[in-house]
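Undergrad: First the structure, then my questions, so here it is.
The values are calculated or read from the model by the stated rules, or taken from the named source; none is laboratory data. Note that the structure is a prediction, hence the values are computed from the model and not measured. Here Cβ is always computed from backbone atoms with ideal geometry, including for glycine, and neighbour counts include all displayed protein chains.
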């Protein structure tokens, strides 16, 4: 996925952009960049890989080179950015977050004549941000160009750009799948995905952009260049997994939602009479922990941490590009507390079950450490479709998903016609899915949060929440 941060002020904002961007590091693991502009130095830009070194470490040595009262930064899980672009619209820096599913079609449609060319990535494909900039340059103004890009892109695209005229233009993606917020302090404004990122820097929330809304922001204020659309499909995974606990989206705090989600899971299991008798309820670190706290509080079982993660050297288990290395890193990070495992019946809550590879090694690790029983709960429904909007995981195919693989194993292609039944644990097919995954991964029991329960925990109009990865419905 990724995230961006920008600031424009009557004072120097280099440190604000540095720390604000760093606070989005949980959203991406591949590359990052910063760009500033000042009358003394002009444009200064740096882009680094963060695949093995955190943003803060990579960019700290560059700070003396940056200068200015305006700047933007990004964490990217896709292409190197921000880019500097010169066109009839002027010189500007641009960074984007999203996914373009029709990139080749757009290149063929709009840029097939001999007057256009793109720098190709190693794979031969076009840098997504460069393509977005080319689409913007089709317009008569930056705003017109952004609206054009939003309309023709199949997928999702949020945009942040800055000019040398002391202005930042921010655009939330067409369906509002990701948040974009405006912060304000005494000297100016900032733009951010995560609200906590600017609150720690002394800004207060001033505005939250609506779907497809475009703002022009200067040190003195902001104006709406294009109003928000009426329809929103914000990603539910922001609350269940990706979002940082301190952040708020559409007025709903992430940590509070997760605790409420766990409580609803336990409440519904109580109603069905399916709560297992366990010694401890625990969360799979880190984002599973608040879901587990809510679950434990509701069913009146002790919350404990039977294992902890060792994170000083590998803060994110998905950082290595190689799957086998990621799995090994995840295993090395799991440090047991034997007194809380040996002979104990444990129930774990994870934020989600995607591929299931790391979860299987976790269960094996717990049994090797002496657990008597291991019960697993997922804080969201079975994931049946790979995300085509935000690329929240590295899955290239639906068959990379554990639930879809099991359905294929059970019924072949016929199972594809009954995915809604497999996702519902009250149906025969749903119970069969649970039983098969339990056998495959070694759980004593398995439960998924229902879609209704998840949407209840989020608490906003369910028609405004994207649930594509569970339902396949746009």
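Undergrad: Would you pick out the residues in segment 439-463 that are more than 19 Å from residue 264 (Cβ to Cβ) and either surrounded by fewer than 17 Cβ atoms within 10 Å (Cβ to Cβ) or outside the structural domain of residue 371 (by TED's automatic domain parsing) (or both)?
TA: Of everything in segment 439-463, those that are more than 19 Å from residue 264 (Cβ to Cβ) and either surrounded by fewer than 17 Cβ atoms within 10 Å (Cβ to Cβ) or outside the structural domain of residue 371 (by TED's automatic domain parsing) (or both) turn out to be 439, 440, 442, 463.
Undergrad: Still on this model: Determine whether residue 70 is within 30 Å of residue 55 (Cα to Cα), in contact with a strand residue (DSSP E or B) (Cβ under 6 Å, 6 or more places away or on another chain) and touching a residue at least 12 places away in the same chain (Cβ under 8 Å).
TA: Yes, satisfied.
Undergrad: OK, next. Of 431, 377, which residue is outside any loop (DSSP other than H, G, I, E, B), in the same structural domain as residue 356 (by TED's automatic domain parsing) and buried (at least 16 other Cβ atoms within 10 Å of the Cβ)?
TA: 377
Undergrad: What do you reckon, is residue 25 touching a residue at least 24 places away in the same chain (Cβ under 8 Å), in the same structural domain as residue 181 (by TED's automatic domain parsing) and out of contact with any strand residue (DSSP E or B) (no Cβ under 8 Å at 6 or more places or on another chain)?
TA: So residue 25 fails the test.
Undergrad: Out of all the residues in segment 28-57, which are closer than 18 Å to residue 76 by Cβ, without any contact (Cβ under 8 Å) to a residue 60 or more places away in the chain and buried (at least 16 other Cβ atoms within 10 Å of the Cβ)?
TA: Scanning segment 28-57 gives 28, 30, 31, 32, 34, 36, 45, 46, 47, 48, 50, 55.
Undergrad: Give just the number: which of (1) touching a helix residue (DSSP H, G or I) at 6+ places or on another chain (Cβ under 8 Å); (2) without any contact (Cβ under 8 Å) to a residue 12 or more places away in the chain does residue 174 not satisfy?
TA: The one condition residue 174 does not meet is (2).
Undergrad: What pairs can you find where one residue is in segment 139-153 and surrounded by 18 or more Cβ atoms within 10 Å (Cβ to Cβ), the other is assigned to a helix (DSSP H, G or I), and their Cβ atoms are less than 7 Å apart, with a gap of 6+ or different chains?
TA: 142/136; 145/135; 145/136; 146/136; 149/132; 149/135; 149/136
Undergrad: Of the numbered conditions (1) under 18 Å from residue 218 (Cβ atoms); (2) in a helix (DSSP H, G or I), residue 8 fails exactly one; give the number of that condition.
TA: Going through (1) under 18 Å from residue 218 (Cβ atoms); (2) in a helix (DSSP H, G or I) one by one, residue 8 breaks only (2).
Undergrad: Check residue 58 against each of (1) within 27 Å of the chain's Cα centre (by Cα); (2) closer than 20 Å to residue 139 by Cβ and name the one condition it does not meet.
TA: (2)
Undergrad: May I ask you to verify whether residue 247 is assigned by TED's automatic domain parsing to the domain that holds residue 358, modelled with pLDDT under 95 and out of contact with any strand residue (DSSP E or B) (no Cβ under 6 Å at 6 or more places or on another chain)?
TA: In short, no.
Undergrad: In addition: Does residue 109 satisfy the condition of being within 21 Å of residue 142 (Cα to Cα) and out of contact with any strand residue (DSSP E or B) (no Cβ under 9 Å at 6 or more places or on another chain)?
TA: Taking the combined requirement at face value, the residue satisfies it.
Undergrad: Would you list the strands (runs of 3 or more DSSP E) that sit entirely within segment 200-288 and hold 3 or more residues that are in contact (Cβ under 8 Å) with a residue 24 or more places away in the chain, closer than 20 Å to residue 146 by Cα and more than 22 Å from the chain's Cα centre (by Cα)?
TA: 214-218, 221-226
Undergrad: Scanning for something out of contact with any strand residue (DSSP E or B) (no Cβ under 6 Å at 6 or more places or on another chain), farther than 28 Å from residue 44 by Cα and at pLDDT 95 or above, does segment 122-140 turn up at least one residue?
TA: No, every residue in segment 122-140 fails to be out of contact with any strand residue (DSSP E or B) (no Cβ under 6 Å at 6 or more places or on another chain), farther than 28 Å from residue 44 by Cα and at pLDDT 95 or above.
Undergrad: Quick one: is residue 426 under 30 Å from residue 372 (Cα atoms) and without any contact (Cβ under 8 Å) to a residue 60 or more places away in the chain?
TA: yes
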